[in-house]
Amino acid sequence: MTSRRFPRSVYQSGEEPDARFSLANERTFLAWNRTALALIAGGVALEALGLDLQPGLRLAASLVLIAAGVIVPILAWSEWGRTERAMRVGAPLPGSATSLALAATIVLVGALVLLGVVLR
């Protein structure tokens, strides 16, 4: 039955882990997707509201948020697969590249908005 599950590269590895762990991994993936939607919405709102920020920096911050919203689900999918494979083969769980990418995005957007306020 595992040959019908997607992605095969994950489900053909090792043994079936406790369902609670797989479901927790899936909930984490879905949470990252909600975060991605919020990033996109924030980027659109930042530009659409036309806040009193330096326009070029406001646009840059908006584009960074939208780009992050597009990239986060890709990273989350990769992280989901790596975690699921690790659980199936009994290996240590991998670290979170998605968390690091999100932290870097927040720092960059915060700096752009701060500069946008100072230079308006």
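The values are calculated or read from the model by the stated rules, or taken from the named source; none is laboratory data. Quick caveat: nothing in here was measured; it's all calculated off a predicted structure. For the accessible areas, the whole protein counts, side chains as well, though only heavy atoms, and no ligand, DNA or RNA atoms are used. Shrake-Rupley method; radii C 1.70, N 1.55, O 1.52, S 1.80 Å.
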Over region 19-76, what relative contact order in percent results from Cα pairs under 8 Å that are six or more residues apart? 48
First compute the accessible area of the chain with a 1.4 Å probe, then give the percent of it belonging to carbon and sulfur atoms. 69
Per residue, how much accessible surface does region 21-120 expose to a 1.4 Å probe? Answer in Å², no decimals. 56
For L114, solvent-accessible area (1.4 Å; no DNA, RNA or ligand), Å²: 110
What percent does the relative contact order of the chain come to when contacts are Cα pairs within less than 8 Å and at least six residues apart? 33
Determine ³J(HN,Hα), in whole Hz, for all residues of region 111-120 in sequence, where each value follows from phi through the Karplus function 6.51 cos²θ - 1.76 cosθ + 1.60 and θ = phi - 60°; x replaces Gly and Pro. 5, 5, 5, 4, 4, x, 6, 5, 9, 5
Could you run the Karplus curve 6.51 cos²θ - 1.76 cosθ + 1.60 with θ = phi - 60° over region 59-73 and give me ³J(HN,Hα) per residue in whole Hz, x for Gly and Pro? 5, 4, 5, 4, 5, 5, 5, 5, 4, 4, x, 7, 7, 4, x
Per residue of region 38-50, in order, report the coupling 6.51 cos²θ - 1.76 cosθ + 1.60 (Karplus, θ = phi - 60°) as ³J(HN,Hα) in whole Hz, putting x for Gly and Pro. 5, 4, 5, 4, x, x, 5, 4, 4, 7, 5, 6, x
Among (i) 18.5, 61; (ii) 12.8, 38; (iii) 30.8, 115, the entry that matches Rg and Dmax of the Cα atoms in Å as calculated here: (i)
